[in-house]
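Everything on this sheet refers to the single structure shown next.
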Amino acid sequence: MEKSKKCPHCGEEMDPIETPAMSSWGGEIHYVCFNDECCYFKESWDVLEKQGVERTGYRCSIDPRGACGPMAVWSSEALKDLMCKGKVGGKGA
């Protein structure tokens, strides 16, 4: 069973998501912070808007290789339907 991952920005446990099979990650598991109060997520909307990117934010994610970085989202609910807690050692397993 894989150890859970914590968000480096807020300390909350991150949830595993399965990327779409047709994406560049081809169905691999990423961990994403879905804490809507996370400073990284909350501040992302303003950061991107100042760069000319409208109606987009990002959440902290850890890819299968262990690299931490932003995952673009278009709403607070975006990507939550990809959570796969039952398949890996996340909170729900």
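All of the numbers you see were taken from the coordinates with simple rules; none came from a lab. Note that the structure is predicted; figures quoted are calculated from it, not measured. So basically every Cβ, Gly included, is an ideal-geometry build from the backbone, and we count neighbours across all protein chains shown.
Yes/no matrix, rows are residues, columns are (1) over 15 Å from ASP15 (Cβ atoms); (2) among the hydroxyl-bearing types (Ser, Thr, Tyr):
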residue: HIS30; (1), (2): no, no
residue: CYS39; (1), (2): yes, no
residue: SER44; (1), (2): yes, yes
residue: LEU48; (1), (2): yes, no
residue: THR56; (1), (2): yes, yes
residue: SER61; (1), (2): no, yes
residue: GLY66; (1), (2): yes, no
residue: ALA72; (1), (2): yes, no
residue: GLU77; (1), (2): no, no
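The residues of the range 11-40 that are in contact (Cβ under 8 Å) with a residue 24 or more places away in the chain, outside any strand (DSSP E or B), of a type outside the set (Asp, Glu) and under 17 Å from MET83 (Cβ atoms), listed by number, are MET14, THR19, PRO20, TRP25, CYS33, PHE34, ASN35, CYS38.
Can you name the residue in the range 25-67 that is among the acidic types (Asp, Glu) and surrounded by 13 or more Cβ atoms within 10 Å (Cβ to Cβ) and, of all such residues, is farthest from LYS6 (Cα to Cα)? The qualifying residue farthest from LYS6 (Cα to Cα) is GLU49.
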